[in-house]
Amino acid sequence: MLFAGSDKDGVESGEITVAYRRWAEPRVVEGRIYRTNAGRIEIDSIRQVNPELIADGDPDVALADRQNAKDVRRRLRGDDTLPTFLIRFHLVEGADPREELAAQSSLSEAEVADLRERLDKFDELSHHGPWTVDTLRLIQTTPATRAGDLAASLGRQTAPFKLDVRKLKNLGLTYSLETGYRLSPRGAAYLDAVGN
């Protein structure tokens with residue numbers, strides 16, 4: 001999830017704990033932690049709502065830092081035929097373990113072996129063949145490139161490609177950018193260690 005303007009500041013300060021979004025389907029899951037441009041948030045709940053039935057006195061309106069129900073509807077983005085979701089969340093304090101992992105610029109032999117084993121497992125379970133090292137190389141040579149363009153260059157669909165890159169990100173090997181990705185120091189160290 002991305003937050004714009006004063007919403008970003010409100011989420012960062014912990015004052016905003018509700019968001020309204022128009023999505024074809026839910027993009028967050030209750031109980032999960034997500035990294036956003038305003039910090040890490042944990043999803044407390046998500047439910048579909050009818051935007052026309054939002055009332056001015058609804059406490060969620062204030063928690064989203066909206067003036068009234070009309071302001072909520074006015075600020076909704078996207079096709080108005082899409083469902084509207086009410087997302088309640090809270091800011092997660094402390095360092096992101098993935099950030100600390102990704103910042104590693106050197107790896108021990110044991111860490112390299114562990115990563116190789118995990119990536120080999122991803123490759124074995126894949127329906128489209130080995131992909132991990134090729135994807136890391138692609139991100140290394142073409143950072144900040146649209147996910148759709150990266151996927152197309154590998155002959156893949158965008159959505160499953162993005163899911164695969166998220167697996168690499170969870171191992172601290174890549175960073176997500178506003179557009180595309182870049183290799184983390186840990187990812188670069190891994191490719192160096194395996195001779196790429």
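The values are calculated or read from the model by the stated rules, or taken from the named source; none is laboratory data. Keep in mind it's a predicted model, so treat the numbers as computed, not measured. All Cβ positions, glycine included, derive from the backbone under ideal geometry; neighbour counts span all protein chains shown. The accessibility values were calculated without ligands, DNA or RNA, using every heavy atom of the protein model including side chains. Shrake-Rupley method; radii C 1.70, N 1.55, O 1.52, S 1.80 Å.
Miscellaneous remarks
- For region 18-138, a crude dipole built from +1 on the beta carbon of Lys and Arg and -1 on the beta carbon of Asp and Glu, taken about the Cα centre, is about 620 debye to the nearest 20.
- Placing pseudo-labels 7 Å out from each Cα toward the beta carbon at Leu2 and Arg32 gives an inter-label distance of 1.9 nm.
- Charge tally in the Cβ shell below 12 Å around Leu191, where Lys, Arg are +1 and Asp, Glu are -1, Leu191 excluded: +1
- Placing a pseudo-label 7 Å from each Cα along the Cα-to-Cβ vector at Arg73 and Val194 gives an inter-label distance of 5.3 nm.
- Remark: relative contact order (region 64-166) = 10 percent; criterion is Cα-Cα distance under 8 angstrom and separation of 6 or more residues.
- Cross-link reach is defined here as a Cα-Cα straight distance under 22 Å, omitting same-chain residues fewer than 8 places apart; for Lys162 the lysines meeting it are Lys121.
- Net charge contributed by nearby residues that have their C-beta within less than 11 Å of Lys162 (K/R +1, D/E -1): +4
- Extension reserve of the Gln48-Leu177 stretch, reckoned as 0.36 nm per residue once the Cα distance is removed: 43.6 nm
- Our helix-only sum for the chain, with -39,500 (n - 2.57) per DSSP H run of n ≥ 4 divided by its residues, gives a mean residue ellipticity at 222 nm of -12000 deg cm²/dmol.
- Axis of helix 132-141 versus longest Cα principal axis of the chain: the two differ by about 80°, to the nearest ten degrees.
- Förster-model FRET efficiency, 35 Å R0, Thr142 and Ala110, C-beta, rounded to 0.05: 0.70
- Rounded to the nearest 10 degrees, the angle from helix 158-170 to the longest Cα principal axis of the chain is 70 degrees.
- Relative contact order, whole percent, for the chain stands at 20, derived from Cα pairs under 8 Å and 6 or more residues apart.
- Options Leu2, Gly31, Leu154, ranked by Cα towards positive dipole end of the chain, top entry (Cβ charges): Leu154
- Here the accessible area is traced with a 1.4 Å probe on the protein chains. For region 78-147, carbon and sulfur cover 52 percent of it.
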